[in-house]
1. If we keep just the residues of the stretch 495-514 that are touching an Asp or Glu at 6+ places or on another chain (Cβ under 8 Å) and farther than 24 Å from residue 403 by Cβ, which is surrounded by the most Cβ atoms within 10 Å (Cβ to Cβ)?
2. Of the residues 647, 682, which single one is assigned by TED's automatic domain parsing to the domain that holds residue 287 and touching a residue at least 24 places away in the same chain (Cβ under 8 Å)?
3. Could you pull out the residue among 264, 304 that is of a type outside the set (D, E, K, R), crowded, with 20+ Cβ neighbours inside 10 Å and either without any contact (Cβ under 8 Å) to a residue 12 or more places away in the chain or not in a loop (DSSP other than H, G, I, E, B) (or both)?
4. I'm told residue 376 meets every condition in (1) in contact with a helix residue (DSSP H, G or I) (Cβ under 7 Å, 6 or more places away or on another chain); (2) closer than 28 Å to residue 564 by Cα; (3) aliphatic (A, V, I, L, M) except one. Can you identify the failing condition by its number?
5. Going by the conditions given, is residue 549 within 20 Å of residue 670 (Cα to Cα), assigned by TED's automatic domain parsing to the domain that holds residue 422 and in a helix (DSSP H, G or I)?
6. Looking only at residues that are of a type outside the set (S, T, N, Q) and assigned to a helix (DSSP H, G or I) in the stretch 348-377, which one is surrounded by the fewest Cβ atoms within 10 Å (Cβ to Cβ)?
7. Quick test of your reading of the structure: residue 109 fulfils all but one of (1) of a type in the set (Gly, Ala, Ser); (2) in contact (Cβ under 8 Å) with a residue 24 or more places away in the chain; (3) in contact with a strand residue (DSSP E or B) (Cβ under 7 Å, 6 or more places away or on another chain). Name the failing condition by number.
Amino acid sequence: MLLPLALLALVAACQPDGGSVFEPRTRFVDPAHRAGCSLDSLRTADWTLAEIQDETRYVLHTAPRELVKAQRGILVPEGGVLESLAGLPVELVDSERVVLVSQVYYDKSWHELARLVKSPLTFRGSDPFVKPSWQLPTGLAGSRVRINIEGYGLAAGRDTEYRAPAVVIAEGSVLEFGVGVLEPAWQQGSVLFELEACEGELCSSIFSRKIDPSIVGDRGWKDQQLDLADMVGKEISFNFTTELLAEDDEAFSLPVWSNPTVYTMVGRAADEPNIILLSIDTLRADHLGAYDYERNTSPFIDKTFGNRGTVFEHLVAAATTTTPSHMSMFTSLYPSSHGLTTGLEPLDPSLTTVSELLRVAGFETGAVTEDGWLGIRHGFGRGFNEYAENKSANIMAPEGQVDVTFAKAKRWLRRNAGKKFFLFMHTFQVHDPYAPPEAYQQLFVDDGVVAPEWEGGPMAHMRSPTLYDREIRYTDDELKSFFATMEELNLLDNTVFILTSDHGEEFGEHGYLGHGAHMHDEVQRVPLMFYGPGVRRGYRIAEPVSHIDIMPTILEIAGVGGSGQARGLSLVKLLDGERTGDLHDRSLFSEGWTSQILYSDMKRGPFDKPALSVRIAGDKLHRYRNGDEFSYEYFDLHDDPGETNDLLVAGASVSGTARAVELRRLVDGHLDEAAVVRSELLSGRVEVAPDENFLDPAREEKLRALGYIE
């Protein structure tokens, strides 16, 4: 009954009219197919998720997982035995037992503690508590540490069963799903996964697999495809069961079934493309050949997107840091409207992402990101059937990841090439610290490019444009390899590929390094490039556009209606060569929410956030704050693309020209306007203050180190 994996990769190229694809007919994790479930089929914020090895998926059921305690400054007593009394979240109160997964921070890093199962619970009055203890190194006695405790609630019994509502099986149908065991139970024994197909009360086994997660090869998600040809025309209910095989009565099980879905092969219209969105984090446009850079950093990108695709010459980043810019791509809202500004907030459940809209329209959705910056807890995973966060072993250490990230994306493509899909990829490869592979160390040596005085000095890995350029070239080579896989899978003719970035990088052009605080074009101007069917070849578009335009553009390319929340505009008319009034001379904003600034001498200083800018055509105004006071900078980008001549310093006042007056009015009103938009979209929901305990410890550590949070 197993369907050959190769078949899925071949279906898309079978017919000249666009081919055939497997289309989702019944997703058993969706509310519409869950008995007694009334959740919204579009907004997925409250759906059941499970994570194995940093890859999160929708699942039929899983043990509740909640933060139990996060605390700083705990004194380690003599002997090094650390105890911690913690109240249980309400979601864990009814659990038979609670598995505690804990980390402690000392010696400048996080250390995982022994996993504990607590039962029965301790009560203080009527409130349930847990009181775990751990033996720490005795040398820590008298010092203060930080601790983070998460709990998994265990139900009674060792086995699980879920019977899905019955569905009629159409011709050409297959069933796909994944199985796995959550990491806290990896040493608890083997688990038997069994699946039955039931017609009325008559059931027969169609799948059985034993997984022993103590074996490395049995960890992670194990994906399955079953042919349903023998069930065509029948009304079938699928029964998903697991059995813990361990003899130890104290053993526990955390098995999960991910995304069980019945797909049916259907004809594909030629105008229904797949869509891939790639964000190369921290990539400034003017370091690519397609944007006239003098170094050969991007030969594949230049050839593929510059010569054979369409280039937008001026994308204005919605923010100068990673998290807010990417959520603007996903929601078509400025950061102060979608609310993810400091790195501490989750996306409000009432807001909708592009992936949610595409998924409900029948697209298979997947994402591979890096380093935990686009965290699943912040809402970036909404609407993605699979969301992989490719995290560094040490989140603070430089570690090239684009090869691993693209390899994961290739594997996803091989499994889903026979479907209409949306794939999001995000790599931190060109973000500091710059650490290109050894094979790239001799690139751009003595090439005549004028370098800053610190090019080879201390801390070059955080301020060297040459190392940065080598990272770009390495990423370009990896992208070439990714396209080779697309060609192998016959995807180049039916996939629109979009390449962009969240923000750029400063190399001392205005006395600063990095990104986040100041609003110059070396940080704000990032690439936006399209390649694929229907995309004009060798075409360039000069109109300034924004990250908030990406979501409506993707939806129009996909033929999918919007949610009504978008504040950006679709760029399809520009891609088609049309010039329309609503896309011309718009006011485009950017926001900066960091609390630190890095000077060219590597000294850090405080920064009074937020910084703002607004651009109309070639006119641009920055606004910086100092307490309750504001200062402004005004540039004519047509005559001064490097922003070296502040027209206000040159003698004009901010009220000296009609355009300056207009820009100041817009930038001064931006936050109020964004707040109105947010209020309208949240429809009376109560605002929740950012919560530092919402973050996983490693992500919080990095955000603080870079000044994104205080």
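The values are calculated or read from the model by the stated rules, or taken from the named source; none is laboratory data. Please read these numbers as outputs of a predicted model, since none were measured by experiment. Cβ sites come from the backbone with ideal geometry, for glycine too, and all protein chains shown count toward neighbours.
1. Here the residue is 514.
2. Numbers: 647 fails: touching a residue at least 24 places away in the same chain (Cβ under 8 Å).
682 is the lone residue from the list that is assigned by TED's automatic domain parsing to the domain that holds residue 287 and touching a residue at least 24 places away in the same chain (Cβ under 8 Å).
3. On inspection, the qualifying residue turns out to be 304.
4. Every listed condition holds for residue 376 apart from (1).
5. So residue 549 fits the description; yes.
6. Among residues in the stretch 348-377 that are of a type outside the set (S, T, N, Q) and assigned to a helix (DSSP H, G or I), the one surrounded by the fewest Cβ atoms within 10 Å (Cβ to Cβ) is 377.
7. In the conditions (1) of a type in the set (Gly, Ala, Ser); (2) in contact (Cβ under 8 Å) with a residue 24 or more places away in the chain; (3) in contact with a strand residue (DSSP E or B) (Cβ under 7 Å, 6 or more places away or on another chain), residue 109 misses (3) alone.
Matching residues to (1) outside the structural domain of residue 142 (by TED's automatic domain parsing); (2) at pLDDT 90 or above; (3) among the charged types (D, E, K, R):
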| residue | (1), (2), (3) |
| --- | --- |
| 14 | yes, no, no |
| 36 | yes, no, no |
| 53 | yes, yes, no |
| 78 | no, yes, yes |
